[in-house]
1. Please provide three numbers in whole Å: the alpha-carbon extents of the range 1-91 along the principal axes, with the largest listed first.
2. Mean shadow of the range 27-73, computed from the convex hull of its alpha carbons, in nm²?
3. Please report the accessible area of Trp337 (heavy atoms, 1.4 Å probe, ligands and nucleic acids excluded) in Å², nearest 10.
4. Put one equal scatterer on each alpha carbon of the range 276-317, apply the Debye formula with no solvent term, and list log10 I(q)/I(0) at q = 0.15, 0.17, 0.18 1/Å to two decimals.
5. Pull up all non-local amide H partners of Gly41: gap of 5 or more, or a different chain, and H-to-H distance under 5 Å with H placed in the peptide plane.
6. Which value in Å does the Kirkwood hydrodynamic radius of the range 149-196 take, with 1/r averaged over all unlike C-alpha pairs and then inverted?
7. Cα convex hull of the range 279-355: mean projected area in nm², to one decimal?
8. Kindly flag which residue pairs out of Lys59/Lys347; Lys162/Lys282; Lys234/Lys282; Lys39/Lys306 have an alpha-carbon separation exceeding 31 Å in this structure.
Amino acid sequence: MSGNASTDSIPVRVIVRVRPLISLELSSGAGECVTVDEKTGSVFVNDRAFLFDEVFGSKCTQDFVYSESVSDLLSSSFNGYNTTIFAYGQTGSGKTYTMGTGVDYGNDEDRKGILPRMISDLFERLDTEVEKCAKEGYSYEIHRAKSYWVIIRRFLEIYNEKVFDLMNSRNESLSIVDNGDNVLVRGLSERRIYRAADMYAVLQEGSESRSIGATEMNQQSSRSHAIFTITICKISETEGTIRGKINFVDLAGSERLEKTKATGSRAQEGISINKSLSTLSKVIEALSTHQSHIPYRESSLTRILKDSLGGNAKTVMIACVSPADSNNSETVNTLRWADQARKIQNKPVVNVDPK
């Protein structure tokens, strides 16, 4: 698979979402220290100001966040571009809620996050494309098609720097392999999906296998990074294969042991999480300051997501923060991190194989 040559660079798009105060913060008497100006994209933490591409205050709905921040990436992937959506922030800041990775809200459509909303839009778009091409005389029966779309998906977690397949019940870690310009996870399973319901089912099944645990800051704390990948392929006798990939990256939250009060295995998980997030920060700093060496290989996370950071992808980072004054330092650190990420330049190209 090759990409159409391009010298155009585009910046990583960075968005901040501020969640409401939660019961733990309210019960401890915490006040709010964060305000936003959604019109200008400004975030204020006490007397400090930060500027981003988009800012969402605590009253913004899930649907509004999705439509205003990442919905346009779906069209890019249908057109053959790789795209990535990150959710970053301290533990308990609302990353998994925003991303919607495996959160089952039943019939409460208003609470569904980015991932399930994009799955719905993906298959609606697919139906439209099928109808359009059918009018042009194409067949979409898989075994004798002149042109058809295929949706392929993968789901993995990085736990204590080891990679596990969330679509495979065998509890074996997988190896990461550098294959020229591409980084692959050897043995990672993938499935072809033709219905939205099937994708929801596998997403839920995989999410239930993800490593979570309770800490003083979050009773359902993610103890691993999760990457859900959808690949959209259009295969045509005239155009070849056009392939676009969407990565949904739900990062484990940064945390301080003195606040989470984690011990034993929980503490080791926190150390591992912070180490990989530290490497992610080093990669972002190296890219934003145009250093000659980018330390992708120091972490499983950055190795796998090499293309998304300074490479062949359109990337959106969503920084989730708490408004509580008790989390002032963590919120400022997250906003500093997000501000630096805005300086990264990616070079996305259309992925097409003419054969």
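1. 56, 25, 23
2. 4.4 nm²
3. Approximately 20 Å² for this residue.
4. So the normalised log intensities work out to -0.30, -0.38, -0.43.
5. The answer is Val55.
6. 12.0 Å
7. Taking a quarter of the hull surface, the average projection is 6.6 nm².
8. Going by Cα-Cα distance, Lys59/Lys347; Lys234/Lys282; Lys39/Lys306 fall outside the 31 Å limit.
The values are calculated or read from the model by the stated rules, or taken from the named source; none is laboratory data. All figures in this text were calculated on a predicted structure; none of them were measured in a lab. Because the Cβ atoms are built from the backbone with ideal geometry, glycine has one as well, and the counts that use them run over all protein chains shown. With ligands, DNA and RNA removed, areas are computed over all heavy atoms of the protein, side chains included. Shrake-Rupley method; radii C 1.70, N 1.55, O 1.52, S 1.80 Å.
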